[in-house]
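Read through the structure below, which is laid out as structure tokens, and then see the notes.
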Amino acid sequence: MARRIPIFPLSNVVLFPGCLVPLHVFEDRYRQMTAAALEGERTIGMTTVRPDHADDMAGDPPLFDVGCAGVIERHELLPDGRYNLLLRGTKRFRIENEIPLRGERLYRVAEVTDLEEPPGAVERNAALRSGVLQHLRTLAQRGGTLDESAFTRLEQLEDGEFANTISQAVGLSPEEKQGLLEAHDIAQRLDTLEGLLAFHAATPSGAPPATVH
């Protein structure tokens, strides 16, 4: 069943279910969006702008169809009207259509359909997790950020939380993270993540290491 949520498009942030992201809200339209969300269900739909339109952020650039809803866990209203937010991802969604601007509303609103996160081929997940951790270790050692306690915490997570936490934390491009978000199920996300990390681990420069707390 479709529902309506406010849309917050960014060119460099991809949110995953269960993960936290800090946001600084300064544009008038997104201040208005934040105030409305705080008065209602505290929900914002995070979406990624298509890379060839990243320079059009002042307008209404085209978006990827799949995003992730987030609930405002904490907020700080600054004296000049800006906000600092801490958003926790809840559910992935697919944009069905956008609602035209009406009245005094400045921000985008879309009708979305929630997407489930099935586990997929769980029998493969253990091997994929092992590969993900191996490549993540290589990148962390290269960046000088190896933290064994963080790896211990990751190993204790269930498959979905494991895949989403690393997808959120690792320094991949927004396009790569968008591909992970669009994975049909958790097994596919792990498979894609393992392939991306293997590629970056085999590249001399590699990807920026993950920051896992």
If I filter region 94-105 for residues that are touching a helix residue (DSSP H, G or I) at 6+ places or on another chain (Cβ under 7 Å), of a type outside the set (Phe, Trp, Tyr), surrounded by 14 or more Cβ atoms within 10 Å (Cβ to Cβ) and in contact (Cβ under 8 Å) with a residue 12 or more places away in the chain, do I get at least one hit?
no
Step by step: first the residues of region 97-109, then only those that are part of a strand (DSSP E or B) and of a type outside the set (A, V, I, L, M, F, W, C), then the one that is nearest to Met1 (Cα to Cα). Which residue is that?
Asn97
Could you tell me whether any residue of region 150-160 is closer than 18 Å to Gln188 by Cβ and part of a helix (DSSP H, G or I)?
yes
How many of the residues in region 1-14 are outside any strand (DSSP E or B) and in contact with a helix residue (DSSP H, G or I) (Cβ under 6 Å, 6 or more places away or on another chain)?
3
Hey, any hits in region 121-140 for a residue that's closer than 30 Å to Asn97 by Cβ, surrounded by 13 or more Cβ atoms within 10 Å (Cβ to Cβ) and in contact with an Asp or Glu (Cβ under 9 Å, 6 or more places away or on another chain)?
no
Residue count, region 18-63, condition buried (at least 18 other Cβ atoms within 10 Å of the Cβ) and within 17 Å of Tyr107 (Cα to Cα), comes to 14
Val112, sole failed condition from (1) at pLDDT 90 or above; (2) in a helix (DSSP H, G or I); (3) of a type outside the set (Phe, Trp, Tyr)
(2)
Among the residues of region 141-163 satisfying the criterion of being over 20 Å from Cys19 (Cα atoms) and of a type outside the set (Ser, Thr, Tyr), which is surrounded by the most Cβ atoms within 10 Å (Cβ to Cβ)?
Arg142
Just give me the residues in region 154-195 being more than 20 Å from Val122 (Cα to Cα) and in contact (Cβ under 8 Å) with a residue 24 or more places away in the chain, in sequence order.
Gln168, Ala169, Val170, Gly171, Leu172, Pro174, Glu175, Lys177, Gln178
From the option list Glu148, Glu161, single residue qualifying as within 27 Å of Phe199 (Cβ to Cβ) and modelled with pLDDT under 95 is Glu148
Select from region 175-208 the residues that are part of a helix (DSSP H, G or I) and out of contact with any helix residue (DSSP H, G or I) (no Cβ under 7 Å at 6 or more places or on another chain) and write down the one among them that is surrounded by the most Cβ atoms within 10 Å (Cβ to Cβ).
Leu181
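The values are calculated or read from the model by the stated rules, or taken from the named source; none is laboratory data. Worth saying up front: this structure is predicted, and the values here are computed from it rather than measured. Because the Cβ atoms are built from the backbone with ideal geometry, glycine has one as well, and the counts that use them run over all protein chains shown.
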